[in-house]
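All of the numbers you see were taken from the coordinates with simple rules; none came from a lab. Quick caveat, the model's predicted, so the values are computed rather than measured. Methodologically, a virtual Cβ is constructed for each residue, glycine included, from the backbone with ideal geometry; neighbour enumeration extends over all protein chains shown.
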Amino acid sequence: MVILRLAGLALVLVISLLFAVFVGDQGPWYFAWVIGTVMIILISGAGAILFDAQTDDSAESEV
Amino acid sequence: MELYVILKLIWATILCVLLIGLGLMVGMDMGVGTLLRFVGRNDGERRTALNIIGPHWDGNQVWFILGGGAIFAAFPTLYATSFSVFYVVMILLLFSMILRPVAFEYRSKADSKLWRASWDWVFLVSGFLPMFIYGAAFGNILEGVGYHFGWNGQYYQDDSFFSYLLSPFVVLCGLMSVALSVYQGGVMLMLRSENPIYDRAQRYATRGGILAAVLFAIGGVFISRMKGFMMTEPANPAMPANPLHGQHVAHTAGAWLHNFTAHPVLWVLPLLGLTSMVLGTVAVRHNKSVVAWWVGLGSWVGTIGTVAAAMFPFFMPSTTAPDQSLTIWNSCASAYGLTCMLVVALIFVPLILCYTSWCYYVMRGKVRTADIIHDSHSY
Amino acid sequence: MDLINPTVVDLSRFQFALTALYHFMFVPLTLGLTFMLAAMETVYVVTGRKIYKEMAQFWGKLFGINFAIGVATGITMEFEFGTNWSMYSRFFGDMFGTPLAIEGLMAFFMESTFVGLMFFGWDRLSKPAHLAVTYLVALGSNLSALWILVANASMNVPEGAHFDPETMRMQFDSFVHVVFNPDAQSKFVHTSVAGYVSAALFVMGISAFYILRGQHKQFAARSFRMAALFGIISTVAVITLGDVLGRMDYEKQPTKIAAIEGLWHTSKPPYEPWILAALPDDAKQENHFEIGVPFVLTPLIAHDFNTPITGLHELEDAAEPRIRSGIEAVSALRRYGETHQQADLDIFHAHENDMGYGFLATRHAPGQDVTAIPAAALDQVVQETKPDILPNVFVTFWAFRLMVFLALYFFALFAISSYVSLKNKLERNKLLLRLCMWSIPLPILATEFGWITAEAGRQPWTVFNKLPTFMSASTHSVSYMLFSLAGFAVLYSIFIAAELYLMFKFARLGPEAHDTPHDSATPTHLHAVSSAPAAH
């Protein structure tokens with residue numbers, strides 16, 4: 001089971017690497033879109049989690 | 001056979017399958033829309049009926065978009081000419097099609113009686129009209145359309161749109177398509193609803209099935225007698241896709257039976273259509289709604305298969321310039337384009353079928369009026 | 001005689017512009033809001049805090065209201081190529097139809113199927129499965145935009161197709177060229193990210209409204225934070241890609257870039273100013289007044305200090321030999337189409353690249369037939385055709401400027417909002433909150449201006465340098481056009497009224513009214529099933 005999972009993970013990694021190399025080569029802006037969108041989502045999510053941390057610390061939860 | 005010819009044939013077949021899928025799946029939703037005011041006597045019941053197709057109508061409607069997209073990509077000349085020649089009808093179809101998504105999403109989002117009653121009427125119109133036009137379009141192309149092409153490929157229309165609407169055969173085809181959609185919509189309601197909706201749906205599905213069978217039989221008589229089209233010299237299937245050259249077409253009575261006479265095995269198709277409609281009605285009467293749903297597929301295969309068998313290789317014959325009639329051979333895309341599209345379709349269609357079935361699986365089960373009223377996500 | 005009626009062409013253009021602009025009011029929000037929903041739900045799945053689920057559901061509801069009209073009005077666009085642009089569809093459909101069909105197969109199907117599950121599947125799917133569904137909806141709607149913009153880019157920079165005299169149309173010959181067309185790439189990213197900006201400001205503005213009113217504070221502050229950060233990065237991306245598109249146009253569509261900059265005469269680097277405001281006069285072919293910033297234009301477009309940018313007058317003069325050669329090409333093509341003589345084909349191939357300019361001249365030829373131009377009248381036809389190669393400078397110039405000014409404003413607004421939100425000082429900045437609230441429609445406006453810049457700047461062509469807009473329309477009668485225009489006007493007015501009514505209604509109601517009192521701790525579904533027998 002563990003081996004299967006690892007194999008699955010490896011497959012996903014290989015495919016994303018191939019995808020990244022191909023798209024990065026042929027369509028650099030498409031590649032930038034993929035990376036950029038992920039980054040935008042992560043940063044805005046991190047902002048929300050930071051908000052939770054900020055308001056947990058201060059008893060006075062000013063927004 | 002040349003590769004190009006095989007590609008043309010494959011795409012003509014795909015188009016047929018799409019038209020069948022469209023008739024079946026979109027027709028089903030449209031049928032529910034048409035029946036909405038009749039199977040649901042109060043707001044709760046109507047919402048139940050809507051939510052039965054609620055999770056899937058959007059995906060089904062994509063069949064319709066896809067039908068348009070496939071014609072555009074695989075048969076650009078057919079797309080360009082037919083959509084323009086049938087302008088007024090197409091615009092009406094479009095109006096009723098764009099009202100539907102909005103009706104679904106908006107109907108139950110406000111409480112006013114007038115608001116909901118208005119959207120219920122929208123469902124009736126946008127269920128009935130598109131199916132009527134869908135059927136009528138088949139009637140029109142069987143009768144032939146008046147148009148010709150200029151030297152650069154621009155089309156010119158030779159008769160007004162009224163002449164497309166006012167033929168009894170066209171009206172018959174339209175009504176038959178509505179009847180089939182009412183049948184399929186009724187069966188879908190039976191599958192996923194309880195009384196009192198179930199009983200009413202059963203009644204309407206029965207009527208739809210019988211009416212479709214009767215109209216199909218009468219339509220058959222019409223087709224055998226009307227002026228059809230046939231090639232006077234064998235066409236070259238590998239011809240370049242340009243309707244201006246290379247065909248000789250005759251416009252004569254009984255020509256639509258030509259293919260059936262040459263290949264008697266084709267009679268299977270009308271037979272399949274007629275038996276499916278009759279058997280389906282019987283299944284509905286005996287509460288076998290799953291069987292009835294699948295038999296409904298047979299009706300569509302039989303109906304559209306019959307039209308395709310009669311017309312092959314014509315798509316949209318021209319009454320005023322028969323030699324310029326659009327056929328599978330002269331209205332298609334380039335070999336490169338058809339190959340491209342085929343590869344894409346081979347990758348994505350199986351994928352689509354997988355996730356669509358998964359969706360149905362997740363949302364399976366009966367829809368109850370009480371659930372709907374409590375669930376804030378429902379239509 | 002089959003003549004093109006200019007009134008019908010104008011009405012067709014008007015109808016297409018109207019329906020496309022209308023469709024495009026709803027699309028950007030869909031493109032961005034889906035990814036914002038995905039971001040919110042991601043936080044919910046990672047932290048397990050229910051407030052993020054409420055956020056995803058509430059904004060999801062507003063998304064649904066918007067999505068329905070986006071889908072509905074999109075159907076119009078697919079129809080209209082056939083119903084109103086018959087010649088265009090026949091001429092270019094072999095290539096153009098492919099991305100549209102792929103859009104249906106690959107993206108639209110995915111988006112539409114999963115959007116049902118996204119709304120209805122909360123209680124039927126596991127948390128990660130539902131999250132995956134939300135991501136698929138987001139990906140689907142953006143892939144949809146990708147294919148549409150690939151198609152659109154092929155009109156602006158036709159690559160991957162060539163004209164074939166046998167079939168009298170453009171034959172598709174390279175899928176890779178079409179998909180990886182640099183114009184398509186930057187157009188897609190620019191448009192998709194512009195959608196992110198619209199959605200971010202939409203969420204930020206409504207959240208600001210709640211904070212101002214002191215309602216749903218926890219909910220609104222979190223939404224505001226996420227939206228502000230989402231928006232600031234997106235705005236940077238939108239501006240970057242806008243710059244890339246500008247450089248692309250400079251190479252591939254010089255008339256568009258000259259019109260955008262209101263540049264009547266070739267620029268003199270490095271001094272040439274970038275015009276901030278002017279009053280371009282298309283009839284007199286000059287600007288009535290100009291306010292500019294010196295030394296900016298050349299580096300802005302060419303990214304160096306010494307490349308001259310060709311002006312509109314010079315472009316017009318450069319077109320003259322192409323028009324003459326194009327007339328030869330079209331005449332030969334017509335003769336070839338009728339008689340199939342090899343000699344005519346040879347003449348055509350010699351002038352093939354200028355064919356579009358020959359089509360452009362048909363409008364000024366006697367009986368709209370270039371073969372019928374008498375030798376004595378040739379010069380006059382060429383002179384009359386010359387100004388036709390320019391787009392409307394006033395419209396292109398101002399649409400572009402308004403878009404840019406708005407983008408800079410968003411940049412400032414998001415930057416300040418992010419800062420204030422990160423400092424948790426929103427409540428003290430009432431003015432900022434009001435500004436956010438009133439700015440909700442502005443990104444929609446900016447994307448519309450962007451669309452006008454791109455498409456008005458493409459004129460007079462539907463397929464750049466190949467097929468003029470004038471020849472592309474269907475040969476309808478004026479009454480047909482009036483019928484459809486009236487229908488669109490009525491229907492679309494009803495739609496916008498219904499949409500705004502519901503949007504305001506649900507935005508005012510706020511997130512709490514949206515969930516049942518039991519919330520998701522007791523799934524509404526189970527709750528309802530237990531009371532189901534009462535319905536019989």
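Results, tabulated for the structure shown:
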| quantity | calculated |
| --- | --- |
| Nearest-0.05 FRET efficiency for C:ASP10 and C:SER493, computed from C-beta distance (R0 22 Å) | 0.50 |
| 5 angstrom amide H check on B:VAL249, placed H, neighbours 5+ away | B:THR232, B:ASP323 |
| Span from the the range C:1-64 Cα centroid across to the the range A:1-41 one, whole angstrom | 27 |
| More than 13 angstrom apart: percent of Cα pairs within the range B:218-290 | 76 |
| Residues listed by number, the range A:1-22, amide nitrogen under 15 Å from C:SER126 label point at 7 Å toward C-beta | A:5 |
| Per-residue ³J(HN,Hα) for the range C:191-206, Karplus 6.51 cos²θ - 1.76 cosθ + 1.60, θ = phi - 60°, Hz, x for Gly and Pro | 6, 4, 6, 4, x, 4, 4, 4, 5, 4, 6, 4, 5, 5, x, 5 |
| Calculated P(r) of the protein assembly as shown - Cα pairs past 59 Å, % | 11 |
| For the range C:313-355 and the range B:65-120, distance of Cα centres in Å | 41 |
| Virtual paramagnetic centre 7 Å along Cα→Cβ of C:ALA375, amide N under 18 Å, in the range C:317-349 | C:324-325, C:327-329, C:331-332 |
| Amide hydrogen neighbours beyond the local backbone of C:ASP281, cut-off 5 Å, H modeled | C:GLU286, C:ASN287, C:HIS288 |
| Residue with peak Gaussian network fluctuation, chain A [Cα springs, cutoff 10 Å], from A:VAL12, A:VAL21, A:VAL38 | A:VAL12 |
| Loop-resident sites, the range C:94-186, for chymotrypsin sites (Phe, Trp or Tyr not before Pro), counting at most 16 other Cβ within 10 Å (DSSP) | none |
| DSSP-assigned coil residues among trypsin sites (Lys or Arg not before Pro) in the range B:41-121, each with at most 16 further Cβ atoms within 10 Å | B:ARG41 |
| Nearest-ten-degree value, helix C:127-156 long axis tilted from longest Cα axis of chain C | 10 |
| Distant-in-sequence amide H partners of B:GLY228 (H built 1.01 Å from N, under 5 Å) | B:THR252, B:ALA253, B:GLY254, B:ALA255, B:TRP256 |
| Solvent-free Debye scattering, log10 I(q)/I(0), computed from the Cα coordinates of the range A:2-56 at q = 0.18, 0.24, 0.27, 0.31 Å⁻¹ | -0.76, -0.86, -0.94, -1.05 |
| Where GluC sites (Glu not before Pro) in DSSP loops with at most 16 other Cβ within 10 Å are excluded, longest remaining stretch of chain B | B:3-193 |
| Evaluated at q = 0.13 Å⁻¹: base-10 log I(q)/I(0), Debye formula over Cα of the range B:3-362 | -1.04 |
| Two-site FRET efficiency, C:MET503 against B:LEU191, from Cβ-Cβ distance with R₀ of 45 Å, rounded to 0.05 | 0.80 |
| Cβ-Cβ FRET estimate between C:GLN285 and B:LEU114, R0 fixed at 41 Å, reported to 0.05 | 0.15 |
| Potential lengthening between C:ASN306 and C:LYS268 on full extension [0.36 nm per residue; Cα-Cα distance subtracted] | 12.8 nm |
| Mean Cα-pair separation over length for chain B, i.e. relative contact order, pairs under 8 Å, 6 or more apart, % | 25 |
| Tilt relative to chain C, helix C:6-47 - C-alpha long axis, 0 to 90 degrees, to 10 | 30 |
| Spacing of the two label points (7 Å from each Cα toward its C-beta) at C:LEU18 and C:ASP243, in nm | 4.0 |
| Two-site label geometry, B:ASP199 and C:GLU166: point separation in nm, points 7 Å out along Cα→Cβ | 6.7 |
| Computed [θ] at 222 nm, deg cm²/dmol, chain C (DSSP H ≥ 4; -39,500 (n - 2.57); rounded to nearest 500) | -24000 deg cm²/dmol |
| Full-extension gain in nm, C:LYS425 to C:PHE405, via 0.36 nm per residue minus C-alpha separation | 4.5 nm |
| Contact order relative to length of chain C, as percent, for alpha carbon pairs under 8 angstrom and 6 or more apart | 19 |
| Of B:LYS109/C:LYS127; C:LYS423/C:LYS505; B:LYS113/C:LYS127; C:LYS187/C:LYS425, those spanning more than 29 Å from alpha-carbon to alpha-carbon | C:LYS423/C:LYS505; B:LYS113/C:LYS127; C:LYS187/C:LYS425 |
| In Hz, Karplus ³J(HN,Hα) per residue of the range C:287-303 (6.51, -1.76, 1.60; θ = phi - 60°; x = Gly, Pro) | 9, 6, 8, 9, 10, x, 10, x, 6, 9, 4, 4, x, 5, 8, 9, 6 |
| Tilt relative to chain A, helix A:2-26 - C-alpha long axis, 0 to 90 degrees, to 10 | 80 |
| Inter-probe distance in nm under a simple model that places probes 7 Å from Cα toward Cβ, at B:TRP294 and C:GLN341 | 6.6 |
| For the range C:425-433, 3J(HN,Hα) per residue [Karplus equation, 6.51 cos²θ - 1.76 cosθ + 1.60, θ = phi - 60°, Hz, x = Gly/Pro] | 10, 4, 4, 7, 10, 4, 4, 4, 4 |
